[in-house]
Amino acid sequence: MHRILASIIVLLQFASAVEANSCEIPVPKGEVILVIDGMINVCNEGSGLRLDREMIEALPAREVRTENPWEDGKVAYQGVLMRDLLTFAKANGGTAVVSALNDYRADIPVDDINKYDVILAVRRGGEYLSVRDKGPLFVVFPFSDVPGLASETRYAQSVWQVNRITLK
Ligand SMILES: Nc1nc2c(c(=O)[nH]1)N[C@H]1C(S)=C(S)[C@@H](COP(=O)(O)O)O[C@H]1N2
Ligand SMILES: [Mo]
């Protein structure tokens, strides 16, 4: 009986060691502002990838200067390419479900994320986006760079106050 118990304990320890080893991304030091989960192949805490602002901004910086229905004239947004985030998360799946603090969510086809230079903006005009100003994270399509990109579908995919991306 004791031997069976001992084997079970060894097995459980092995299983948790394997689980810990598969999480190669460091845990965030700052406040978690984004969770990427679903069909991804990296983790740092639990099954999802939890990211603070510093970890997001460690990816290559990218700026989109664009008009949109919510601002007058062109505005410069700074952040990271959505496809770089998905690559970082070793994402699979065809759809990114982007959710917001207010429980709004929109599906963005991964093909579109690869096709267009759509960013997850962290800053607007160099300043961090506050929750009041569509922050902490805002999906920004390059409307002014790509003729015909502006449409009701894209506006609905322009999720602000983003806090989760789930790959399906
Ligand atoms: N966080 C969040 N993002 C959002 C929404 C929302 O309600 N919450 N509405 C979406 C939709 S359906 C559209 S058309 C655009 C424009 O929303 P507005 O009509 O409130 O300006 O923002 C999109 N992004
Ligand atoms: Mo909409």
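Those strands (runs of 3 or more DSSP E) of segment 12-80 in which at least 1 residues are under 14 Å from the mean Cα position of the chain (by Cα) and modelled with pLDDT of 95 or more, considering only elements entirely within it, cover 34-38, 49-51.
Taken over segment 142-159, residues that are within 16 Å of ligand 2 (Cβ to nearest atom) and acidic (D, E) amount to 1. Of the residues contained in segment 148-166, one or more are found to be among the acidic types (D, E), within 11 Å of ligand 1 (Cβ to nearest atom) and not in a strand (DSSP E or B).
Give segment 113-140 a look and list any residue that's crowded, with 18+ Cβ neighbours inside 10 Å and not in a loop (DSSP other than H, G, I, E, B), or say none.
Going residue by residue through segment 113-140, those that are crowded, with 18+ Cβ neighbours inside 10 Å are 113, 116, 118-124, 129, 134-140.
Once the filter is applied, which keeps residues that are crowded, with 18+ Cβ neighbours inside 10 Å and not in a loop (DSSP other than H, G, I, E, B), segment 113-140 yields I113, I119, L120, A121, V122, R123, R124, F138, V139, V140.
When the test is whether a residue is within 19 Å of Y155 (Cβ to Cβ), within 16 Å of ligand 2 (Cβ to nearest atom) and touching a Lys or Arg at 6+ places or on another chain (Cβ under 8 Å), V98 passes it. Selection over segment 82-112 of residues that are in a strand (DSSP E or B) and touching a helix residue (DSSP H, G or I) at 6+ places or on another chain (Cβ under 7 Å) gives a count of 4.
The values are calculated or read from the model by the stated rules, or taken from the named source; none is laboratory data. As the structure is a computational prediction, the values presented were derived from the model and not from experiment. Every residue, glycine as well, gets a Cβ built from its backbone with ideal geometry; the counts of neighbours run over all protein chains shown.
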